[in-house]
C-alpha cells in the first residue's frame with residue numbers, strides 16, 4: 001500500500017532471510033529496536049506472534065499507535081495453541097482480530113475482527129490456514145483504515161475467558177483413551193494434526209501398545225458399534241485397525257516416527273495383538289501424570305531439537321565390520337575401581353572417569369565433536385509410572401567438543417558443564433522426532449538408541465551381575481546401541497556393557513587398560529595436553545610397530561627393473577613379449593629395438609635421473625620407447641596426448657625434460673603446448689638409430705644404479721597443481737619381487753591403463769618378469785566395455801589390472817552379455833575403494849578359477865598392501881579390507897601427534913620401507929612435508945610417507961580403509 005517498513009524484530013530465521021532479500025532491516029533484540037526508534041520514530045508498530053516484551057520507551061516513540069494480532073476470540077481463548085484448544089472443545093466458530101497495543105503485552109480495544117467457521121473435518125493445520133487467510137484480510141482492512149483515517153475501535157467482548165499457557169497439554173498428552181466416546185477421541189486427534197510439513201509444537205495423537213507407543217496418523221468415527229469392551233480390536237486391516245470405544249467404533253491409521261504410513265497388520269503382529277485383544281486403558285491418574293510430565297518437559301524441547309538436528313553417530317572403530325546384523329548378545333565387564341583415583345571422593349572419581357572416557361573416545365575415533373547416548377537420571381516427577389516412561393525418550397544426546405590441546409582440568413570443567421546441562425534439561429517426549437520435519441528425515445533417530453556409544457551414571461551397587469541377558473527389559477539402562485560406559489556414582493567405579501556379537505571381550509579388556517593408562521598419566525601429570533597422553537603399554541606399542549611390520553624379505557635391491565626384462569630375453573628370446581593390432585615382437589626383437597633406440601638416446605645426452613618425456617599413443621612403439629629410456633639410464637616421464645595443452649605445459653615446464661619421444665598424435669599434442677624441446681620421432685620410417693648396436697647398454701658404464709629414478713609420474717595436488725612423484729628402480733624392484741605371483745606361469749596380461757598411472761608399470765613389468773605376453777588394446781576398444789569384454793575373451797587374457805570403477809563397469813557389461821572368460825586367472829584392482837556388488841559376486845562365482853586381489857597404495861609408494869579374496873564370493877564383505885603390507889613395507893597408524901593409536905583404533909596411515917618414493921621433482925618443501933624421516937625404523941635414513949588416509953586394523957590383522965584422500 002506504499003508504506004515503508006523501517007525495521008523488523010524477529011526470532012524466526014526464515015523471516016529474517018525473507019527480510020534480507022526484501023532489503024528490510026532486521027534487528028536482533030529489543031535494545032537495538034529501542035536505539036533505532038529513539039533516533040527515528042515511526043508511525044505504527046504491528047506485533048504478530050511476538051515473543052518479545054517491548055519496553056514503554058518503544059511505544060513512546062510511536063506517533064500513531066501499536067497494534068497486536070490475536071489469533072483467537074478474546075477473552076474466550078487466550079494463550080498458546082488456542083486454535084487447537086478451540087477445535088478440541090468442538091467449537092463451531094472462531095475469531096481472529098487486531099487490537100490496539102496499550103503496553104505491548106495485553107491487547108486493548110478491538111479494531112478489526114474476522115470470523116472463522118470450524119468444520120467437523122478441520123485439523124490444526126486447516127484451521128490455522130483459515131485463520132491466517134482471515135488475518136491477512138483483516139490486516140489489509142486495518143492498513144486501509146489507518147491510511148484513510150477511518151479506524152474505528154471498540155471494546156473487547158465481555159465473556160468468560162480461558163488462558164492457555166504454553167506448558168498446558170491436552171488430556172494424556174494426546175494418548176487415546178479408548179473408554180471415552182468416539183466423538184471425544186476424534187476431537188483429540190484433529191487438533192493435533194499440523195500436517196506433514198510443519199513443526200507440531202504441541203504433541204501427536206498416539207496409542208499405547210504395552211511397552212511401546214505408536215503415532216496415530218488419522219482417525220475416523222464409524223457408523224456402527226460392535227458391542228465389545230472399550231479398547232478391543234474389532235478388526236485388523238492392512239491399512240488400519242477398527243477399535244471399540246465407549247460409543248461407536250473408530251478406524252485408526254498409524255504412522256512411523258519418520259512420518260510414513262505403517263502397515264497395520266505388521267504393527268499388530270509385531271505388538272503380539274490379534275482381533276479381540278484389548279489395548280491399554282489409561283486410568284485417570286496415569287493420564288494426569290502423562291499430562292503433567294509433558295508440561296514439565298515442554299520448555300526443554302527447543303534445547304533437544306537443536307541437538308537432535310545436529311545428530312551425529314560416533315562409530316567405535318573396534319566394531320566388527322560384518323554386514324550381518326546379529327542378534328545382540330549383551331555382556332558386562334567386571335566393575336573396576338581405578339587405583340589411580342583412590343584418593344579422590346566418589347563424586348570426583350565420577351567426573352574423572354567421564355572425562356577420561358570422552359578423551360579416550362576422541363583419541364581412538366579421531367573425532368573432536370562427540371555426540372553420545374546419555375541415560376537421564378530417574379525423575380521423580382514422572383511418578384515411576386510405566387505409561388509415562390514409555391512416552392519419554394530413554395536416551396538423549398550428550399554433546400561434547402574435546403579439545404585435545406587442553407589439559408585434563410580444562411576438559412573436566414567442560415564435562416561438568418555438559419552434565420549440568422543434561423541434568424537441567426532432563427529428557428524430551430519421544431514424539432518430538434515425529435513432530436519435527438527436520439528430524440523425521442534422520443534415519444538414526446528412528447531407533448530407541450540412536451547412538452552406537454553411550455554413557456550412563458547410575459547409583460547401582462557394584463555387586464550387580466556381570467552378564468546381561470538379551471531381553472528388552474535388561475537393555476533399558478543401555479544408552480549405546482553397541483557399547484555403554486557405565487559409572488557407579490556410589491563407588492566411583494566403571495564397567496563396559498557391550499554387544500558381544502560386535503565387540504570381542506578381549507577388545508574390551510584392551511580398552512579398560514587404555515583407560516587406566518590414561519588415568520594414571522593424568523594423576524601423574526595433570527598439566528600435559530590430553531592429546532599427548534600415552535595410551536599404549538610398552539607391549540602393545542612393540543606389537544604395533546614391530547610385530548605387525550615383520551615384512552623383511554630378500555630382494556635384488558641393487559638391480560634395475562629393466563634387467564628383469566633382459567633376464568627373460570636371455571632365457572627365452574623367441575617367446576612373444578608384446579602384441580598389438582596384429583603386430584608381434586618376441587623378447588629378443590623387442591630388446592633389440594629398445595637397445596638401438598637407447599644407444600641413440602645416450603648419444604643425445606640422456607643420463608641417470610634425467611627425465612625423458614614420452615608422448616605416444618598405445619602401440620608397440622610406446623613399449624619400445626619406454627624400455628629404451630630405462631636402458632639409457634633415464635627416467636620416463638609419461639605425457640598423455642589426450643591431455644589438455646595447459647596440463648601438458650605445466651608438466652613440461654616443471655620437469656624440464658631435454659627430450660620427448662613422440663608419434664603423430666604426440667606431435668599434434670605438443671604442437672599446441674609451445675615448449676621448446678628436442679623431439680625424437682618414433683613414427684619415422686627410417687629412424688637414425690636403425691643401424692645402432694642391438695646390445696644392452698652397460699649400466700655400470702652409464703653410472704646407473706637402483707637408486708636412480710625409473711620414472712616421474714605427475715599427479716594433482718588438492719590445489720590442482722601437478723606434482724611429479726620420483727620413483728627409483730630399487731623401490732619398484734621391491735614391488736615386483738614381493739608379489740606372491742613371482743615365478744607364476746607366464747600370463748597373457750592386458751595393458752589397460754595409460755602410462756600416466758603408476759599401475760601401468762605393474763602391467764608391463766609383472767608380465768615381463770615372468771616371461772608373459774603383454775597384450776595392448778586399441779583406445780576405441782578400451783573405451784567401449786562391450787568391445788573390451790569381447791577382446792578379453794578373444795585374446796584369452798589371463799591377468800587384468802582394473803581400477804574399481806572400470807572393474808565394476810566391466811562386470812556390469814559382462815552381466816548383460818553373459819560371456820564366460822575361461823582363461824581369466826587374476827584380476828588386480830586398486831585406485832578406489834573396492835565395493836563387492838551383487839554382480840561382482842556373480843562374476844567370480846561363475847569364474848571360480850579367477851582370483852580377485854585388492855591392492856592399495858598412493859602414487860608416492862605404489863602398492864603398499866594387498867588382500868586376496870579367496871573364500872566363496874558369497875561370503876565376501878561388501879567393503880573388503882586392503883590387506884597387509886607387502887614385503888619390506890612398514891605401515892604405521894598414527895594420531896595427530898605422530899604417535900601410534902591403539903590396535904583397532906582409527907589412525908592416519910604412514911608408510912615406510914623400500915617402496916617410498918624419493919620425493920617430488922622440484923618440490924623440496926612438499927617433499928619435506930609428505931616424505932619424512934621414519935622415527936620408528938632402526939635403518940639409517942629410513943623415510944615414511946604421510947598419506948592422509950584414515951585406516952584401522954581389523955581383529956585378523958588386515959587393514960581397513962575408512963576415509964581415503966589419496967588417488968592412484
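Numbers below:
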read-out: Matching residues in segment 177-202 - criterion: being in a loop (DSSP other than H, G, I, E, B) and either outside the structural domain of residue 252 (by TED's automatic domain parsing) or more than 39 Å from the chain's Cα centre (by Cα) (or both); value: 177, 178, 179, 180, 181
read-out: Answer residue from segment 112-129, given it is closer than 26 Å to residue 66 by Cβ and touching a strand residue (DSSP E or B) at 6+ places or on another chain (Cβ under 7 Å) and is surrounded by the fewest Cβ atoms within 10 Å (Cβ to Cβ) among those; value: 115
read-out: Qualifying residue in segment 291-299 (condition: surrounded by 18 or more Cβ atoms within 10 Å (Cβ to Cβ) and within 24 Å of residue 361 (Cα to Cα)); value: no
read-out: Test result for residue 315, surrounded by fewer than 18 Cβ atoms within 10 Å (Cβ to Cβ) and in contact (Cβ under 8 Å) with a residue 12 or more places away in the chain; value: yes
read-out: Scope segment 446-468; condition at pLDDT 90 or above and either more than 30 Å from residue 337 (Cβ to Cβ) or not assigned by TED's automatic domain parsing to the domain that holds residue 392 (or both); matching residues; value: 450
read-out: Flag for residue 497 being closer than 19 Å to residue 338 by Cβ and crowded, with 16+ Cβ neighbours inside 10 Å; value: yes
read-out: Residues (surrounded by 12 or more Cβ atoms within 10 Å (Cβ to Cβ) and not in a strand (DSSP E or B)) located in segment 21-34; value: 24, 25, 30, 32, 33, 34
read-out: Residue within segment 396-406 that is surrounded by 20 or more Cβ atoms within 10 Å (Cβ to Cβ) and under 30 Å from residue 285 (Cβ atoms) present; value: yes
read-out: Hits in segment 918-968 - residues which are within 30 Å of residue 655 (Cβ to Cβ), surrounded by 17 or more Cβ atoms within 10 Å (Cβ to Cβ) and under 19 Å from the mean Cα position of the chain (by Cα); value: 949, 964, 966
read-out: Test: residue in segment 151-158 that is touching a residue at least 12 places away in the same chain (Cβ under 8 Å) and either in the same structural domain as residue 192 (by TED's automatic domain parsing) or under 50 Å from the mean Cα position of the chain (by Cα) (or both); value: no
read-out: Test: residue in segment 787-794 that is touching a helix residue (DSSP H, G or I) at 6+ places or on another chain (Cβ under 7 Å) and within 18 Å of residue 760 (Cα to Cα); value: yes
read-out: Given (1) more than 54 Å from the chain's Cα centre (by Cα); (2) at pLDDT 85 or above, number of the condition residue 134 does not satisfy; value: (1)
read-out: Tally, over segment 754-778, of residues that are assigned to a loop (DSSP other than H, G, I, E, B), touching a strand residue (DSSP E or B) at 6+ places or on another chain (Cβ under 7 Å) and within 13 Å of residue 799 (Cα to Cα); value: 1
read-out: Residue in segment 540-556 that is at pLDDT 95 or above, touching a helix residue (DSSP H, G or I) at 6+ places or on another chain (Cβ under 8 Å), surrounded by 12 or more Cβ atoms within 10 Å (Cβ to Cβ) and outside any loop (DSSP other than H, G, I, E, B) present; value: no
read-out: Those residues of segment 515-535 which are closer than 23 Å to residue 333 by Cα and surrounded by 21 or more Cβ atoms within 10 Å (Cβ to Cβ), in sequence order; value: 515, 518, 519, 535
read-out: Among the candidates 561, 569, residue that is within 46 Å of the chain's Cα centre (by Cα), closer than 22 Å to residue 735 by Cα and surrounded by 21 or more Cβ atoms within 10 Å (Cβ to Cβ); value: 561
read-out: Members of segment 49-72 found to be closer than 25 Å to residue 118 by Cα and in contact with a helix residue (DSSP H, G or I) (Cβ under 8 Å, 6 or more places away or on another chain), listed by number; value: 69, 71, 72
read-out: Members of segment 40-60 found to be surrounded by fewer than 17 Cβ atoms within 10 Å (Cβ to Cβ) and at pLDDT below 85, listed by number; value: 40, 41, 49, 51, 52, 53, 55, 56, 57, 59, 60
read-out: Any chance residue 727 is closer than 15 Å to residue 561 by Cβ, within 41 Å of the chain's Cα centre (by Cα) and outside any helix (DSSP H, G or I); value: yes
read-out: Matching option when the condition is within 30 Å of residue 216 (Cα to Cα) and not in a loop (DSSP other than H, G, I, E, B), among 113, 64, 137, 133; value: 133
read-out: Qualifying strands (runs of 3 or more DSSP E) (wholly inside segment 559-663; at least 2 residues being without any contact (Cβ under 8 Å) to a residue 24 or more places away in the chain); value: 583-586
read-out: Residue within segment 144-151 that is in contact with a strand residue (DSSP E or B) (Cβ under 9 Å, 6 or more places away or on another chain), modelled with pLDDT under 90, exposed (fewer than 13 other Cβ atoms within 10 Å of the Cβ) and in a loop (DSSP other than H, G, I, E, B) present; value: no
read-out: Filter result (within 10 Å of residue 615 (Cβ to Cβ) and crowded, with 24+ Cβ neighbours inside 10 Å) within segment 626-647; value: 637, 639
read-out: Selection within segment 1-14 - outside any loop (DSSP other than H, G, I, E, B) and either touching a strand residue (DSSP E or B) at 6+ places or on another chain (Cβ under 7 Å) or modelled with pLDDT of 90 or more (or both); value: 8, 9
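Rundown of residues vs (1) at pLDDT 95 or above; (2) buried (at least 23 other Cβ atoms within 10 Å of the Cβ); (3) under 37 Å from the mean Cα position of the chain (by Cα), yes/no style:
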residue: 752; (1), (2), (3): yes, yes, yes
residue: 774; (1), (2), (3): yes, yes, no
residue: 777; (1), (2), (3): yes, no, no
residue: 794; (1), (2), (3): yes, no, no
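Yes or no, residue by residue, for (1) in contact (Cβ under 8 Å) with a residue 60 or more places away in the chain; (2) within 26 Å of residue 435 (Cα to Cα):
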position: 228; (1), (2): no, no
position: 231; (1), (2): no, yes
position: 238; (1), (2): no, yes
position: 254; (1), (2): no, yes
position: 270; (1), (2): no, yes
position: 274; (1), (2): no, no
position: 281; (1), (2): yes, yes
position: 289; (1), (2): yes, yes
position: 295; (1), (2): yes, yes
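The values are calculated or read from the model by the stated rules, or taken from the named source; none is laboratory data. This structure is a prediction, so every number in the text was calculated from the model and none was measured. Positions of Cβ are generated from backbone atoms using ideal geometry, with glycine treated the same way; all protein chains shown enter the neighbour counts.
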